[in-house]
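Derivation of every value follows stated rules applied to the coordinates shown; laboratory data play no part. Please read all numbers here as calculations on a predicted model, not as lab measurements. A quick note on method: Cβ atoms are made from the backbone with ideal geometry, for glycine too, and the neighbour counts reach across all protein chains shown.
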Amino acid sequence: VTPLPRLLDTLRCHAALPFERAESLPPELYHRADVYELEQERIFRREWMAVARAADLAQPGDWQAFDLAGEPVLLVCGADGRLRVLSRVCRHRGLDLGHGQPAQRGNARSFQCPYHLWTYRLDGTLLGAPEMERSRAFSRERCALPEFALEVWQGFVFVSLDREAAPLAPRLREVEPALGGIDLSGWASGGVLGWGRADVNWKVAMENACECYHHLGTHGTTLQPLWPAQEVVLDASPDDWVASRLRVSAEAATGVDAGHRVHPTFFPAAPGLTPQQRSETLILGVFPMFFVVIAPDHAFWFRWLPTGPESHELDIHLLVPAATREEPGFAERAAALLELARGVQAEDCATNVAVQRCLHARAAAPGPLSHHERPLWQLQRWLAERLAPVGA
Ligand SMILES: [Fe+2]
């Protein structure tokens, strides 16, 4: 076993290679508990994670519960209509407010700890605590649930456990030109594919998602005929985000408009797209784990949460322009589209699970990256900056 400081030196060396000489990372970075613990501390307890769609928490009292980097949290829409992300740990003796409750979402007027029935308002302030009037240590004001940082961008709710986190909005403003005017803020849910747990390190999943080279193999009969790997174009981008344009193949195109192939659609295309946008599916990844696939008529958002060195949870959300939900036959077509997504995800997941297993092999070692895999090199540089900064 390589000592952690030496492994991090190797990461720094990989990240310092020019892209033409880039290689995949040492396999140990993908399964060791000490590496994951460092990632929790430097990445998942600090960075912004997309956890929900604001539209799914639009009514006062709407809530969702989940754990982020081991921290039990509650996303809730307040009586004032404001979204907050609160700790789920009772300020009395620390029980999870959701203890014994299998539901992970719902609508509530308040939250009650099942241990001693302390009750909190939707904004996290304490509403009441029985039998506490004789305690001189008790004050209602001091017993509010801690609140973490939250921002909404394009309708996605991002949270950070680091109250000192640099604001997310300026960083994402730099991503917006890649969207070319597409604004997902008003897009509605077209359904969710609950994938659940995958026994795969988060980086294996993100690397797979951010390159299309594997359309050749993993998706040889599904995506490759639609979006040939050879025709995918990567935008120039700094190290913290990546954008790929998947041009529809000549065979799958439904026509040509102003010299651009026309991408097939399930629903009417979003209004206002240029002929070029109408010809491609855009993949956007923002590190560590924001990932969305935007076709001319719909989008898939991958809601990922790492849960351990070799596991994560995944839900795939179908998003559509709001008017699309009123289309005749929408429910059936959306269900069919989610089934297609399930098939493609099954291909990716089978590959990722097998890669994860082989990363433990004695013979596993870094290999050279193709020019299609620039996003992996960018992720290496982003990781090195956080896990192995120069001079640390
Ligand atoms: Fe894939």
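Normalized C-alpha radius of gyration of region 251-306, against 2.2 N^0.38 Å? Display every interim value, and only then the final one.
Details: Rg = 13.2 Å, N = 56, 2.2 N^0.38 = 10.2 Å.
The reported ratio for this selection is 1.30.
With 0.36 nm allotted per residue and the present C-alpha distance subtracted, the Cys13-Thr307 stretch has 103.1 nm of extension available.
Label positions at Thr221 and Val233, each projected 7 Å from the Cα along the C-beta direction, are separated by 3.2 nm. Packing around the peptides 246-255, 118-127, taken as the average count of other Cβ atoms within 10 Å per residue, puts them in this order, highest first: 118-127, 246-255. Rounded to the nearest 500, the helix-only mean residue ellipticity at 222 nm of the chain stands at -6500 deg cm²/dmol, with each DSSP H run of n ≥ 4 adding -39,500 (n - 2.57). Using C-alpha pairs under 8 Å with a sequence gap of at least 6, the mean separation divided by the residue count of region 195-252 gives a relative contact order of 27 percent.
Can you tell me the dipole magnitude for the chain around its Cα centre, using point charges on the Cβ only (Lys, Arg +1; Asp, Glu -1), in Debye to the nearest 20?
Working: 38 positive and 48 negative charges, 188 e Å.
Using only the charged Cβ atoms, the result is roughly 900 debye.
Cysteine residues of the chain whose C-beta has no other cysteine C-beta under 4.7 angstrom: Cys13, Cys77, Cys143, Cys210, Cys212, Cys349, Cys358.
How large is the Rg to Rh ratio of region 213-319 when both quantities use alpha carbon positions and Rh follows Kirkwood? If you can, show how the numbers build up before the last one.
On the way: Rg = 14.9 Å, Rh = 15.0 Å.
Rg divided by Rh gives 0.99.
Available extension along the chain between Glu332 and Glu174 is 53.2 nm, counting 0.36 nm per residue and deducting the alpha carbon span. Here's the picture: charge each Lys and Arg Cβ at +1 and each Asp and Glu Cβ at -1 in the chain, and of Pro368, Val175, His298 the one pushed furthest to the positive end of that dipole is Val175. Hey, any idea what the orientation-averaged projected area of the convex hull of region 123-207's Cα atoms comes to, in nm²? Mean shadow area of the hull around the Cα atoms is 10.6 nm².
Model label sites at Ala55 and Glu131, defined 7 Å from Cα along the beta-carbon direction, differ in position by 4.8 nm.
Helix by helix through the chain, keep the DSSP H runs that span 27 Å or more along the axis on Cα and average at least -1.0 on Kyte-Doolittle, and give those back in order. Don't jump to the answer; show the numbers that get you there.
Numbers: long enough: 330-358 (42 Å, 0.24).
Those that clear 27 Å and a mean of -1.0 are 330-358.
By the gyration tensor of its Cα atoms, with a ≥ b ≥ c the square roots of the eigenvalues, what is the shape of region 78-134: rounded for a/c under 1.5, prolate for a/b over b/c, or oblate? Oblate, because a/c is 1.5 or more while a/b does not exceed b/c. Of the residues Gln356, Met206, Leu150, the one whose Cα sits farthest towards the positive end of the charge dipole of the chain is Leu150 (charges of +1 on Lys and Arg Cβ, -1 on Asp and Glu Cβ, taken about the Cα centre). Share of pairwise Cα-Cα distances greater than 31 Å in the chain is 42 percent (whole percent).
Overall, region 200-346 carries a charge dipole of about 180 debye about its Cα centre when +1 sits on the Cβ of Lys and Arg and -1 on the Cβ of Asp and Glu, all other atoms neutral.
If you count, for each residue, the other Cβ atoms within 10 Å and average over each peptide, how do 361-374, 129-142, 71-84 line up from highest to lowest? Write out the running numbers ahead of the final one.
Numbers: 361-374: 12.8, 129-142: 9.8, 71-84: 17.9.
Output ranking for 361-374, 129-142, 71-84: 71-84, 361-374, 129-142.
For a modelled paramagnetic label at Thr265, 7 Å from Cα along Cα-to-Cβ, the residues of region 300-327 in reach, with backbone nitrogen under 18 Å, are 300-301, 318-327.
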